Each structure stands twice: as structure tokens, then as C-alpha cells.
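Below: one structure, written as C-alpha cells.
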Amino acid sequence: MNRFALAFRLPIIVWQGLFFLGPLFFMIAMSFFLVKNYRMEEAFELKNWARMLTRGYVWDSYWYTLGMASLTTAAAAMLAFPAAWVLAFRVSEGVRRWAIFLLIIPFFTSYLVRTFSWYVILAESGVINAGLGAAALGPYTMLNTPFGTVVGYLTLTLPLVVILQTVSLANIDQNLVQAARNLGCPPARALFAVTLPLAKTGLIVAALFCFILSFGDFVAPYYLGGSKPPTLPILIVDTTKSGQQWPRAAVVAVMMMTTLFAIAATAIWLAYRKRVSA
Amino acid sequence: MKDPLVTLSGIVKRFGDFTAVHRLDLEIAAGEFIAIMGPSGCGKTTTLRMIAGLEAPTEGQLRIGGRLMNDVPVHERDTPMVWQSLALFPFLNTRENVEFGLRMRGIGTAERRRRAVEWLERLEIREFAERSIDTLSGGQRQRVALARSLVTEPQILLLDEPLSALDAHLVIRMQGVLTRLQRELGITFVYVTHSQSEAFAMADRIVIMSGGRIVQTGRPREIYRTPECRFVAEFVGRNNILEGISRGDAIETPLGVFPAANLPAAGRRAILVIAADLVELSRTGSEGSIPCSLISEEFVGATVTLFLEAADGTELKVQLPERALGDLDLHAGGRFHLSWPDDVGHVLAEN
């Protein structure tokens, strides 16, 4: 390798080594440590793994977290798409630029604050139930439910998904859409036959971001979802708090990392695969 | 024209304040290879896109096969187009690209495949059927685009500068492919181009557009030898254009007085057009020849164009076969004499 090329790559190699690979290996190693009298001791035992992988509550959390993150990803993708489509194809360049700017603004405020603001809206005596009450409906319990969790996840992810989808749709070569119509493709069918396949990479990457953020999020399930069952991030916090079980928490963390690796790899493979079925 | 396939009558296209096409009237016969030619921004592509339905005329009527098409949406027109960018679908392989139009018409898988492969064979790209289109060369992709447009057996094919991205030698080959296809299929080709050589090589009839208007329509030879206005004379071929004043049977120009036919009344302004390939070049002067000095030359294969300057600064062009140059010494500044036979000048009345 060229010496200069190496020099330019060095920062990213050092960064990834120090802050990603190093901690990752330490975490994996730690999952084999033991805790005696509330103190962690270096060891190489499979006890933590054996214990965590055989406990029903761990798997309950695992499938619950996976399910909620998947549900959120599907919901975000579908909610975002009409908005992204309008921003990409139905408004001027200037309007689109403003819209993307406005979509970035939520990230200026703390996610925690945005999550708490849902209390005002979703509580038993909140805005929605007050409105429904006026129509002699409700009240409905929305806080501390899976619904609350999804609302929280969407608070975190939806603006980002809209931005990523908008950008990928706006970059489509409109000649190809016109070419499809010119070959007898009605507008609605062109969406599925041409627009979606062309925007595929961006749409999948948007969904992947949404999944990763939701899957690892602590705030929404904790404050809006009521943590029954706890999601994996809550489980990690709980495990470290009860009896200093950092090694068992590391087991959960490794489970999460492995899942994310598998899902990200699959998504990237799908996103960049040249062909779609015809 | 009896039963034209496509009729544009009084077609106007405006984009906001900009008028791209002004009251255009044009009839295109069934089975005709027509080229619409002009510089960029002349309205030729807009006209083509209106026939395809990709743009709606602001005013006027567009008919195809007698049917008024103004409100017929693109996908119901059956006017496939070969795009300048080719616009092949990158997520489909070669065969699937060709099948696209058939799939949209709800034709079954087996029949679709059979017809697509037939066309791939016809265009000699059968072996690439299952290949991704971005592994194909420019010429091969061109053939895929053609097959994709023709597989549905349309009555008319629209071509928007399809050869502009190809290398020169491929352009010549594709011209051969296009003219052969058009003859064999007997369908109408409407070919938009800014390239004179493409239009002249293939078209039965040429429409020259400028500033959103048709300025001349005719067979390639007519356009070439008898341009009807200064724009066409300058745009087509290599013409020498001399402004002057009519003396009835001759025209008085800054370079001398030249006999010419079809002149306007004496005293009126006129333009004398002499095609560069009709100008004669010699080392020694003769009666009435114009002394010039050589500025530059341009070789295009077997043809050479020499650019010369007369004493008063008028630029003149001579086109010669390369072998006719003989041992002429072509250094810049070389002195030559130009002349032309009396009857080759073509006169335009200047208004």
C-alpha cells in the first residue's frame, strides 16, 4: 500500500481500534468474568452465558425488543414515505430544502425532553384523552404501554427516516420514470416498477437506521413504555444495578451487537444487490 | 400528403413566459423516416416530447392515426422513445429491460421472453440477455434501448439524439442498423438530432427548426443545395455566404460582381450562397478569382475543409477530397485564389 494512503487511513484505524474494537473485545471478555461479593474478577467461565441464555425473561425481552424495533421500522417507513414522496416530487427545490432543515430541528433539543413532552399529550388527563373525553370517549391508557414505546421510538427516528427517504427519492433519474410511462406503465404502477427499485438503497438504509436506533434505545421504553417487559437496554441497566452483574449485562450487550451485525449485514446486502426480481 | 400518421396543427408550447414552440404545423407520413434538426433550444426535443405525451401542447392539436391525442396520457399512446441518455433500467437485466413494455401490456411470461429474445437476436445482442446492463458497452446498450422500444411493435418510434453519446465509428454502424430496421419494419421514425451528418445519412425528409419554428422542410439534398434562408445556409453544410446588392442578372458583393440566377429586382439586397465543395482552389489567379490567404484546415477523413480569408477580411471555405490536395503546400498564410462556376451560386432574397 502507498505510504500516503496508509497515512490518510491511520486516523480512522486508530479511532476504530481505540473506541470500537478495543471496548468490544473488552466487553466480550467481560462476559466470561465472574462476580464474587459484588466484585468483578477476571475469569474465563461460561456461567454468565449459560445463565442468561436459559432464562425466560431474557428471551422475553429479546423478542419484545426485536418486535418493537421491527414494528417501529415498518411504521416509520410507511409513515415517512408519503411525506418523502411529496417532498421529493411535488414541491420546489427551495421548499424541499426548508423542509429538510425543519426536519433537522428536532435534533436540536434533547431527546429526553422530547420524550417527556409526550406525557402532556398521552397521559390519562392529557391532550388526547381530554379531546376524546369531550366526545364522550376514553380515557385510554397510552403511557406505559407498547404503544407509548413505539411513539417514543418514532420521536427519535421519524424525522431522520423522512430525510433519508426524501434524499433517495429526489436523486432518482426522472428520465427512467418517464421512460417507464413511455413504455406503457401507468403512474401508480411506475411507483412499484421503477421508483421503489431505484430508491431501494436509500430506503433500506433509512429503515436500517431506524431499526438500529430503536433497538438500542433506552429512553422511550423506559419513560413511555413502562418497561414491562423491559427492553434489552433496560435489562442491561437493571442487571448492572442488581448485584453489580456487569458480566451478565455484557452477555446481553453481546447478544444485541450480534443481532445488529446480522441485521445490518443483511440490510446492506439487500440494499446494494444489483438485481431485483422482475 | 395522404393520411398522415402524425399531424401537428397550430401547436404552441409555452413554459411560463418562454415559448418553446410557436404555431407549429407538421404532417408525418406512415413509414417515413423524418429528422427534426436544429441547434439546442430550437424546440425539436419539445416537439418530440409532445408527440410522446411527455409534454402537453399549450395550444393546437396533435393527432396520431387520425385520433386527437392532446388528452391521452403517455402510457396509453404507444409512442416509444429512444432516449438520449438511453434510460435503461439499471435494476433489470438486458432481457428484462426489453420485456418491460410487454410486461406493462400484461403479456404472459413465456410469450414475453420469446419476443424479447427474438428482438435481442435481431439486434445481435442475444448473448447479453442475462447480463446486467452496466456490463454492456455503449453500442450494446444502444441496441438494448432500441429493442426495448420496438418489442411492442409500435407504428412509430421516437428517437431523441440517440447516437450523441457514441464514438464516431459506432455512430456510422448504428446509422446502418437504424435505416435497415426502419426499412424492414416499415414504421415511422421521428429522429431528433443536432447532427447534420446523422440526419442527412438516414432521413427521407428533414425538418429544420430554429427558435421554436420550422424554417425549412425537404429532402436532404434540397436542404443541402437549396437552403431557403440564411439560417439554414449557415446551419447546414459548409456554405460561403456573401451579402450583396442585386443588379438584375448579377450580384454585387464586396468580393466582386458574380452572375447569378433568381435574383430579386435590381437594387434589392440579396445573399449569394456557394457551397464549399463547389469552390475551386488554385495557386495562380485567373479572371475574376478571389485572392485569399489560408487560415487553417480541418481534416475529416477523406474530406478537407480549408478556411481562407479574402483581402477585406471575408472568411471563405473550400471543401476538397483529401487526394485532390496533391502536393499543395498548406501552411497558414499561404496564398491561393478561389473561384466558382457561374451557375453554382444559390440566391437568397434578404428581407
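Read-outs: derived from the displayed coordinates by stated rules, not from any lab. Because the structure is predicted, anything quoted here is derived from the model rather than measured. Neighbour counts run over all protein chains shown; Cβ positions are idealised from the backbone, glycine included.
Here are the numbers for the structure shown:
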| quantity | calculated |
| --- | --- |
| Proximal aspartates and glutamates relative to A:LYS200, as straight alpha-carbon distance under 15 Å, when same-chain residues fewer than 8 apart are discounted | A:ASP173 |
| Qualifying lysines (Cα of each under 24 Å from Cα of A:LYS228; at least 8 residues distant if same chain) | A:LYS241 |
| Loop-located trypsin sites (Lys or Arg not before Pro) in region B:239-329, at most 11 other Cβ atoms within 10 Å (DSSP) | B:ARG283 |
| Helix-only CD estimate at 222 nm, as mean residue ellipticity for chain A, using -39500 (n - 2.57) per DSSP H run (n ≥ 4) | -22500 deg cm²/dmol |
| Loop-exposed GluC sites (Glu not before Pro) per DSSP, neighbour cap 13 Cβ within 10 angstrom, longest uninterrupted part of chain B | B:131-286 |
| Choice from A:VAL177, A:VAL95, A:VAL14 showing the highest fluctuation, given a GNM over chain A with Cα pairs closer than 10 Å | A:VAL14 |
| Inter-label distance for B:SER293 and B:ARG63, nm, one decimal - labels placed 7 Å from Cα along Cα-to-Cβ | 6.2 nm |
| Theoretical FRET efficiency, 1/(1+(r/R0)^6), r = Cβ-Cβ of B:ALA110 and B:ALA349, R0 60 Å, to 0.05 | 0.40 |
| Signed unit charges on C-beta, dipole axis of chain B, positive-most listed residue B:ALA302, B:PHE33, B:ASN239 | B:PHE33 |
| Peptide ranges B:36-46, B:257-267 listed from the most packed, as the mean C-beta count within 10 angstrom indicates | B:36-46, B:257-267 |
| Cα-centre dipole for chain B with unit charges at Cβ (Lys and Arg positive, Asp and Glu negative), debye to 20 | 1300 debye |
| Descending semi-axes in whole angstrom, ellipsoid equivalent of the protein assembly as shown, from the Cα gyration tensor | 71, 30, 25 |
| Förster radius 35 Å - calculated FRET efficiency between A:PHE107 and A:ARG55 (Cβ-Cβ, nearest 0.05) | 0.45 |
| FRET efficiency estimate (nearest 0.05) - Cβ-Cβ, A:ILE268 to B:GLN155, R0 45 angstrom | 0.45 |
| Cα-based convex hull, region A:52-272, per residue volume (Å³, whole number) | 158 Å³ |
| Helical mean residue ellipticity (222 nm; -39500 (n - 2.57) per DSSP H run of 4+; nearest 500) of chain B | -7000 deg cm²/dmol |
| Proximal lysines relative to B:LYS44, as straight alpha-carbon distance under 20 Å, when same-chain residues fewer than 8 apart are discounted | B:LYS13 |
| Neighbour cut-off at most 15 other Cβ (10 Å), DSSP loop, chymotrypsin sites (Phe, Trp or Tyr not before Pro), region A:2-98 | A:TYR38, A:PHE44 |
| Top of B:HIS22, B:HIS169, B:HIS337 by mean-square fluctuation, Gaussian network on chain B, Cα under 10 Å | B:HIS169 |
| Estimated dipole of region A:29-158 in Debye, rounded to 20 [Cβ of Lys and Arg +1, of Asp and Glu -1, Cα centre] | 140 debye |
